[in-house]
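Notes for the one structure printed next.
Here, each number is a calculation from the coordinates, and none is a lab measurement. Note that the structure is predicted; figures quoted are calculated from it, not measured. Note that each Cβ is placed from the backbone with ideal geometry, even for glycine, and that neighbours are counted across all protein chains shown.
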């Protein structure tokens with residue numbers, strides 16, 4: 001499935017069925033769609049209404065893909081196709097009740113007819129959305145849209161490229177495996193303004209069963225994740241026993257694969273490291289953080305300027321027992337907006353403390369105000385550059401976590417506040433629960 005600026009182009013009816021029914025197979029995702037069908041909601045409003053963790057909600061929002069759109073203000077709403085999907089969902093749920101009352105003997109035929117009608121409605125809605133959006137786009141950027149759509153339509157990495165990547169980049173010997181495609185989806189990320197492809201494959205052999213996920217953004221490698229399960233990969237050749245050598249070899253292979261110029265400074269910086277102990281080293285505008293926790297060692301290269309670590313503009317490798325299990329590259333995607341630190345750490349904490357006192361927040365369906373934080377140092381204060389609006393431009397950003405003086409229903413007794421360091425603007429606030437109850 002391909003989209004651009006809200007325009008949807010279905011390669012086949014099967015893809016429409018796949019997106020709709022895959023998104024609706026989990027009850028939490030159905031609840032999210034019902035809530036957003038009533039009104040736009042913030043991330044934390046959904047967390048509170050659903051009773052799930054923030055990480056679980058993030059997972060489900062990603063699974064819903066293009067059915068949900070994020071607005072500039074941080075709220076979420078249903079897209080045109082999302083609204084059509086909710087209509088289909090409601091129709092399917094109501095149909096059995098109607099049939100039991102009226103024509104129970106013809107239940108199966110009626111469901112088929114209703115489903116066919118709903119699919120037709122969805123197709124018509126999609127066509128209408130395409131035509132309306134296309135007319136709007138043509139008036140201002142017809143040539144740009146056409147070029148971008150042609151690029152998206154040429155996408156689809158394919159099994160042969162997946163096999164080549166695994167063989168050459170990770171050195172997993174694909175000739176010893178049977179590769180099975182689990183899914184391959186292409187969507188347009190409105191938050192980053194890029195097209196994104198996510199591919200999942202299963203690798204099966206007599207002695208080893210692996211699950212692999214690849215992600216590409218703007219047709220550039222973005223993430224590799226290997227789920228070992230209880231297996232060990234079969235490699236093309238014996239791997240280096242030293243994790244530093246393994247990381248170095250992987251980096252060289254990635255440079256040959258992608259040809260990106262920014263990999264050379266990363267290789268040079270790694271060459272200055274003599275052991276894989278936990279440490280941070282810098283060289284020019286490149287920093288390398290190594291975290292060693294025994295069996296798991298993480299190498300994290302990132303852009304560095306004026307004392308600020310831009311983590312999102314970085315490359316990360318995670319080795320478990322000297323096997324590369326995760327590799328993420330965001331260096332090519334993100335850009336640096338500024339390094340303006342107009343707001344110091346102390347000022348940011350003060351802004352956050354005062355803002356919490358004035359805010360109103362919904363917890364467990366109840367509106368609360370009059371919040372206060374425990375005096376003294378916050379639980380944590382981190383400088384984590386963040387994007388502003390729907391862009392890939394990184395801005396210095398304070399992320400502050402503080403303890404509340406009271407505990408609210410559900411164990412909510414902590415608050416996090418995000419503040420842009422160049423303006424002092426409060427960009428995000430969340431009240432969190434530290435309760436261990438599920």
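Estimated at 0.36 nm per residue, the fully extended path between residue 193 and residue 230 surpasses their Cα-Cα distance by 9.5 nm.
Modelled spin labels at residue 70 and residue 354, positioned 7 Å past Cα toward Cβ, are 2.9 nm from each other.
What FRET efficiency comes out for residue 374 versus residue 185 if R0 is 45 angstrom and r is the Cβ-Cβ distance? Round to the nearest 0.05. My answer for the efficiency is 0.50. Using the alpha carbons alone, the radius of gyration of the stretch 345-433 stands to its Kirkwood radius in an Rg to Rh ratio of 0.98. Here the spin labels are modelled as points 7 Å beyond Cα on the Cα-Cβ line, and at residue 167 and residue 422 they lie 4.6 nm apart. Taken along the Cα-to-beta-carbon direction at a fixed 7 Å, the label points for residue 333 and residue 202 span 2.8 nm.
If R0 equals 30 Å, the separation of the Cβ atoms of residue 364 and residue 296 corresponds to a calculated FRET efficiency of about 0.25.
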